[in-house]
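Taking it in order: structure first as structure tokens, then the write-up.
Derivation of every value follows stated rules applied to the coordinates shown; laboratory data play no part. In this text the structure is predicted, and so the values were computed from the model without any measurement. A quick note on method: Cβ atoms are made from the backbone with ideal geometry, for glycine too, and the neighbour counts reach across all protein chains shown.
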Amino acid sequence: MQQLHDLYQDLCQEESSSSSTTHCRMVWLGGYSGTGKSSCVQEFVRQLQQDNKDNGATPPSAFVHGKYDLGSGNLSYSALLQAWNAYFTQLAQDSNHDTLQELRQRLQRVGEINVQSEHYQVLCDTLTPSLSLILEPPSQQSQEVIAEEKEEEEEDTTEQEGSNHNAPESSQWNNNQNNNATSNKNTGAGLLKRDIRVIQFAFQLLVKAIATPSSSNPSGPLIFWLDDLQWADVASLQLLSTLLQDWINMSSTTTASTDKASSSAVAPPKLLFIGAFRSNEVQDPNHVFNRLLKQDLKVDHAEESTNDNNGTTTAATTNLITTMELSNLSPDSIGQFIADCLGGDMTPDDVSPITQAVYSKTLGNIFSVQQALEELVRKQAIYYDVISFSWQFGNAILNHDENDKNGKSSLLEDYLSDDVVQMVQNKLQTLPPVLQTALAMAAYTNNSFQLDLLFALLVNKSHQQRQMQSSSTLPTASNNNNNNN
């Protein structure tokens, strides 16, 4: 966590007039599943936002996040589509007119991206359909037309209730979003029509424009985070390899470009890229992630390898590329974590029986530790005492030599399942059937989904079940004949 903060502060403090400009940092964040990679980055961003509110610290110019799924290898640019579409959609909803206007000017100035440019058409056809929400705002004329149509539709609803005019389009933004949905469905067709080099160049211009701080509101670097890169498709990795290599070359440029940059009033773009992956799933040197991304990135200076006191290995060149590896927590850290969770006056020594039982099942994997604690609570091995307003666990559990009334061992290990999969399954079985059905439906979608999609799936399933029940209760022809006889 502290390393991420240090890299961010280095980027914020760099000036365009420095003798060797380095305006990007790249972090490869590895570790086994459940070691807390995603939580680490999320907490890092949350702390940046909180520092900005409390102390006026420099906020990031933007935060863009995408996550690959297990089946993403068959979908080109899935996480990139998710990340940038979500960013522009949220920006269009939350930003005022002046902010959007400044962004349009920056896109034009830095990347030559406007509604008439080929770059814009390429991005909308392939990677960022929602960019139209920023560059195609509703005009005054279209707003007047919408207002007139709304009045006509309201008059129609007074004459015909239940007609389709009950739900008029309220703004041009809705029209744009519908167009984006259609464009998103046709993204595959757009990819087939575009040369990969054209897509790469347009995407480089887009990232450079977003990473350039606003002249009226100076800010920190663009934080671009992609999670679960071990599942990324080849096209995404090729695009990222080209993008990051371009930033390395730009950041390694010295005197000539520095003089040019210092003569310009435009602040230099700054990027903090974080790529998280499961290191145990990319150990094969021929894995596409290693071959296309980690091995293809080259810096034109001698590399150095350092190892800090915490055992974090850093392989970097002029501090541009940093490799971090998150591992499982030690028993002492797990004991401190459990004591903090139980609160009160608990110390790691007080919860040592729980620590030993949990660590023996989880080996310090923080996700598995959380699931183990939840299972102990579900089985009431740990319970909340409403009289003392504190978490407690029984004396029989504390005494490893005692047996319960049935003559069975009362060790905490007996309350825990053998693996985390069984723990999660046990937790799901305690949920209401309706919620279990909802989660089963959600499992067929991506890692994020819209509630209206889930609702539509549930309504359709409920309708099918009612049809099956009604058909099963209808008398058959043979039954009718038997009754007539």
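Compute the signed sum of charges (Lys and Arg +1, Asp and Glu -1) over the other residues within less than 12 Å, Cβ to Cβ, of A92. Could the numbers behind the result be given before it?
Working: positive: R104; negative: D94, E136.
That works out to -1.
I want to check the label-to-label distance for F455 and M1. Put each point 7 Å from Cα in the C-beta direction and report it in nm to one decimal.
3.7 nm
Please list 359-371, 324-336 highest first by mean number of surrounding beta-carbon atoms within 10 Å per residue. Each step should come with its number before you reach the end.
Details: 359-371: 19.8, 324-336: 17.2.
Packing proxy ranking, top to bottom: 359-371, 324-336.
Starting from the 7 Å offset along Cα-to-Cβ, what nm value, one decimal, do you get for the label separation of Q49 and D69?
Once both label points are built, they end up 2.4 nm from each other.
Round to the nearest 0.05 the FRET efficiency obtained for S214 and V377 when R0 = 45 Å and r is the Cβ-Cβ distance. Could the numbers behind the result be given before it?
Working: r = 48 Å, r/R0 = 1.06.
About 0.40, to the nearest 0.05.
Tell me, what ³J(HN,Hα) does each residue in the range 50-56 have, in order and in whole Hz, if you take phi through Karplus 6.51 cos²θ - 1.76 cosθ + 1.60 with θ = phi - 60° and put x for Gly and Pro?
Once θ is set to phi - 60°, the couplings for the range 50-56 become 5, 4, 5, 6, 7, 10, x Hz.
Suppose the chain between D340 and V434 were pulled fully straight at 0.36 nm per residue; how much longer would it get relative to their current alpha carbon spacing?
Details: separation 94, 0.36 × 94 = 33.84 nm, distance 3.36 nm.
Extending this stretch completely gives an extra 30.5 nm.
Measuring from centroid to centroid over Cα atoms, what is the spacing of the range 57-99 and the range 372-391 in Å?
Spelled out, the Cα-based centre of one part sits 40 Å from the other.
Pop the C-beta distance of Q101 and F201 into the FRET formula with R0 = 35 Å and round what comes out to the nearest 0.05.
Details: r = 26 Å, r/R0 = 0.73.
Working from the Cβ atoms, E equals 0.85.
List every residue whose amide H lies under 5 Å from the amide H of S390, counting only residues 5 or more places away in sequence or on a different chain, with H placed 1.01 Å from N in the peptide plane.
Counting only residues 5 or more places away or on other chains, the set is D385.
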